[in-house]
Amino acid sequence: MSCGTEPLTLIDKPGLQAPIRLRALSGSGGCAAKAPPDLVSRLVETVAATGLTNVQELVGLDPADDAVVYPLADDRALVATVDFFPPLVDDPDDYGTIAAANAVSDIYAMGGEVVLALTVCGFPAVVPDSVVAEVNRAAAALVASCGGAILGGHSIRCAEPVFGLCVIGFLHPGKIWRKSGAQDGDVLMLSKQLGTGLLLSSRSEVHLPAALRVMRATNRAAAEALRSQGHQPHAVTDITGYGLLGHAGEMARQSGVDLVVDTSLLPVLPGALEAAAAGVRTSAHRYLKVGMNEVDPAVLAVLQDPQTSGGLLAAVPRESVAALEAAGFKRIGAVRAGSGEVRVA
């Protein structure tokens with residue numbers, strides 16, 4: 001895919017019949033390649049059921065969150081995550097930057113600061129070393145912009161390209177943001193526009209630049225805005241491969257409340273709703289189906305759209321809304337007493 005009117009970024013390899021596009025080397029790209037929710041749940045349950053760990057984590061697998069948190073001292077804890085995916089674009093700078101922005105997002109969703117990262121890097125032999133190096137360079141620059149550094153990693157040859165990071169950060173043990181704290185009366189706030197998956201699948205040259213800008217941006221400023229409030233957020237998660245509905249559902253279930261999403265308030269990238277109305281879907285839409293017959297199919301597709309490097313979803317007290325709106329967050333709904341469901345209004 002390309003940005004604006006620039007030509008597609010192609011990878012030339014001596015001896016090949018034709019140029020190679022990074023995106024063409026994978027079956028699905030970005031967070032749309034994420035494993036189905038049922039499989040992830042089974043994997044987590046399998047690991048948790050071993051009961052062989054003596055680690056006294058603050059946040060682990062029960063319940064699972066966006067990252068693990070391990071105590072180091074009374075005023076310091078380590079927060080760690082790993083995230084990688086196949087290429088969703090052809091340009092290696094975009095790929096490395098977006099993959100890194102997506103990986104650091106889990107640290108920010110927990111309320112942490114990025115300290116260091118290790119690369120997870122696998123490419124077929126047909127991809128030139130210079131392209132692999134550019135992907136890594138772009139990721140390193142992104143992590144540096146977050147105040148951290150890439151200090152190592154592991155690289156392999158594999159049939160389908162994958163790239164991402166294991167990210168380590170720090171936070172205060174008493175200031176961990178979890179998915180599980182949303183309260184009746186809270187306001188739902190979202191820090192980024194939706195629709196990147198649909199626009200990538202539509203291959204729209206007109207609207208793709210805006211989608212790339214959203215995905216290349218980190219959630220660092222959004223996390224700082226949440227942290228600066230006099231009232232801390234009650235629950236936070238980031239919107240990635242399971243779409244707004246999927247990740248909001250995790251917050252609702254873990255918090256034991258209902259999340260009510262007002263579709264008239266959703267910040268949607270230009271062209272995304274039109275793409276959905278035209279029948280465009282991502283590879284992830286096949287398993288993210290939710291029975292909401294009363295919702296327009298195009299709007300439902302946006303709600304389910306897998307986001308790569310998506311925004312932070314926060315349940316916050318009403319007192320924080322004005323300041324967060326000034327910082328770029330959008331109000332998208334409310335939290336109500338309930339049984340752990342997402343309702344669409």
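Apart from one condition, I176 fits all of (1) among the β-branched types (V, I, T); (2) closer than 17 Å to V82 by Cα; (3) surrounded by fewer than 24 Cβ atoms within 10 Å (Cβ to Cβ); (4) in contact with a Leu (Cβ under 9 Å, 6 or more places away or on another chain); the exception is (2). Checking the stated criteria, V114 turns out to be over 13 Å from L25 (Cβ atoms), in contact with a Cys (Cβ under 7 Å, 6 or more places away or on another chain), at pLDDT 95 or above and not assigned by TED's automatic domain parsing to the domain that holds H231.
Of all residues in the range 329-345, those satisfying the criterion of being assigned to a strand (DSSP E or B), surrounded by 19 or more Cβ atoms within 10 Å (Cβ to Cβ) and within 21 Å of the chain's Cα centre (by Cα) are I332, G333, V342.
Tell me which residues, restricted to the range 115-143, are in a helix (DSSP H, G or I) and within 10 Å of A100 (Cβ to Cβ).
Step one: filter the range 115-143 for residues in a helix (DSSP H, G or I), giving 129-143.
Hits for the range 115-143 are V135, N136, A138, A139, A140, A141, L142, V143.
Restricting G111, G174 to those that are touching a His at 6+ places or on another chain (Cβ under 9 Å), more than 16 Å from L22 (Cα to Cα) and among the small types (G, A, S) reduces the list to G111. Taken together, the residues in the range 1-25 that are at pLDDT 75 or above, out of contact with any helix residue (DSSP H, G or I) (no Cβ under 7 Å at 6 or more places or on another chain) and in a loop (DSSP other than H, G, I, E, B) amount to 1.
Determine, yes or no, whether V69 is buried (at least 18 other Cβ atoms within 10 Å of the Cβ), hydrophobic (A, V, I, L, M, F, W, C), farther than 16 Å from V214 by Cα and not assigned by TED's automatic domain parsing to the domain that holds Q254. I'd like the intermediate steps shown before the answer.
On the way: buried (at least 18 other Cβ atoms within 10 Å of the Cβ): yes; hydrophobic (A, V, I, L, M, F, W, C): yes; farther than 16 Å from V214 by Cα: yes; not assigned by TED's automatic domain parsing to the domain that holds Q254: yes.
Yes, satisfied.
The values are calculated or read from the model by the stated rules, or taken from the named source; none is laboratory data. It should be emphasised that the depicted structure is a prediction, and the values quoted were computed from it without experimental measurement. Don't worry about glycine lacking a Cβ; one is built from the backbone with ideal geometry, like all the others, and counts go over all protein chains shown.
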